[in-house]
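Take a look at the structure set out below.
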Ligand SMILES: Cc1cc2nc3c(=O)[nH]c(=O)nc-3n(C[C@H](O)[C@H](O)[C@H](O)COP(=O)(O)OP(=O)(O)OC[C@H]3O[C@@H](n4cnc5c(N)ncnc54)[C@H](O)[C@@H]3O)c2cc1C
C-alpha cells in the first residue's frame, strides 16, 4: 500500500473541515481534506428534500466568503451544499473526495497514521472534522422485533413522504429531526411522535422577535456561555447529545396545530410485532422512523474505527491543528437499518 506524508490531514469536508483548510491555506501551511462524498456539500444534499437551515444566511457564512442573498434568508439544504462547494472552489482548497478514513492511529515515531480507502497517509497533525449530529444512525434494540411488514427508516435515510408506507407513521425521537419529519408526515399520514420533550427556543421560528433573539443566541449564548470551554457549556452539550437539542423550526404549537399525536415517553417494547409505548399503547404502525443518532461510536460494537488520540503529534506552529477525541464517522456501519 502506498504511503504519503503530509503535514496536516483534515478528515471531513463540512463547515469545520473546509474552514480549517481555509485558515491553514492562509497561513501557507500544507494540508489535505479527506471526505467520503463524491461532491463537496453532499452531506447536506443527502438530507430530506424539504430541509431548510434554521440559521439565516448571515450566520451561515464561512470565513472569507459571505453567504449570498438576503441576510435573513434561510437557505435550503441544496443552497447550502452549493455554497460549500463554491467555497472549496473559490479558495482552491485541497479536497480529496470519495475517500473514507477507515482507521486513525498514533504513529510509531510521533504523528498519526491515517488509513483510508485509497491508501495510507502519515500526518504530523490530524483534524477530525467528521461532524456530530445526524450522521451516525442509532437504531434501537426493538427494531429487530418489529413485524417485517413495517417499513423502518432512520431519519438520515428519510427524504420525502412518498417513502412512508400506508398507515400510521411512528416517529421515534422528538428532537429537531423527529419533529421536522413528524410535521411533514402528518400532511399525508396519521402520525404519532414519541420522545421526551427536549425543550424549545422561547421564540417562534421566523417571527420578528426571533430576529432580535437569534444574534443573542448565536453570538452571546453559544459563543460565550454554552460552549465546551466552560463547565456549564460542557454539561449542556452532553445533555443535548444524549437527549437531543431544543426544538427550533417546528415547535410544540406547530405539532399541536397540525394534529401530530405526541406521546412524551418512549417505546417500551414490541407486542406481536407492533411497537408498544410506555403508556401501554400499541401503535399499529405502517412505518417507523427512528430519529435518534449515536453520538459516540463504541469501537468494536458499532464500528471498525479506532481513534487512538492520545495527544501525540507534532508541536510548535502546527499544533493549531490538533486531533479531536472522536473517531471518524461510523455512518457506514449503523447497527442496523432496513
Ligand atoms: C437535519 C439537520 C439540520 C441542521 N440544521 C442546521 C442549521 O440550520 N444551521 C446550523 O448551523 N447547523 C445545522 N445543523 C447542524 C450542522 O449540520 C452541523 O453542526 C454541521 O454540519 C457540523 O459541521 P461539520 O463540518 O463539523 O460536520 P459535517 O457537516 O457533518 O461534515 C462531516 C464531514 O466528515 C466527512 N466524514 C465523516 N466520516 C468520515 C470518514 N470516516 N472518512 C472521511 N470523511 C468522513 C463527511 O463525509 C463530511 O464531509 C443541522 C444538522 C442536521 C442533522
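Observations, loosely collected:
- Label point distance in nm, residue 230-residue 163, each placed 7 Å from Cα along Cα→Cβ: 3.9
- Between residue 141 and residue 3, the contour length at 0.36 nm per residue exceeds the Cα-Cα span by 45.6 nm.
- Peptides 270-276, 121-127 ordered by average Cβ neighbours within 10 Å, highest first: 121-127, 270-276
- Tensor-based shape of the range 217-286 (alpha-carbon gyration tensor, a/c under 1.5 rounded, otherwise prolate or oblate): oblate
- Packing-based order for 18-27, 198-207, using average beta carbon neighbours within 10 Å, highest first: 18-27, 198-207
- Contact order normalised by residue count of the range 48-152, Cα under 8 Å, 6+ apart, percent: 13
- Measuring nothing but how far apart in sequence close Cα pairs (under 8 Å, 6+ apart) lie, relative to its length, the range 148-226 scores a relative contact order of 23 percent.
- The range 101-181: C-alpha gyration tensor shape, a/c 1.5 cut-off, then a/b vs b/c: prolate
- Cα gyration tensor category, rounded, prolate or oblate, for the range 30-79 with a/c compared to 1.5: oblate
- Counting other Cβ atoms within 10 Å as a rough exposure proxy, the listed residues 238, 108 run 108, 238 from fewest neighbours to most.
FYI, it's all coordinate maths here, none of it is from the lab. Since the model is a prediction, treat every value here as computed from it, not as a measurement. Cβ sites come from the backbone with ideal geometry, for glycine too, and all protein chains shown count toward neighbours.
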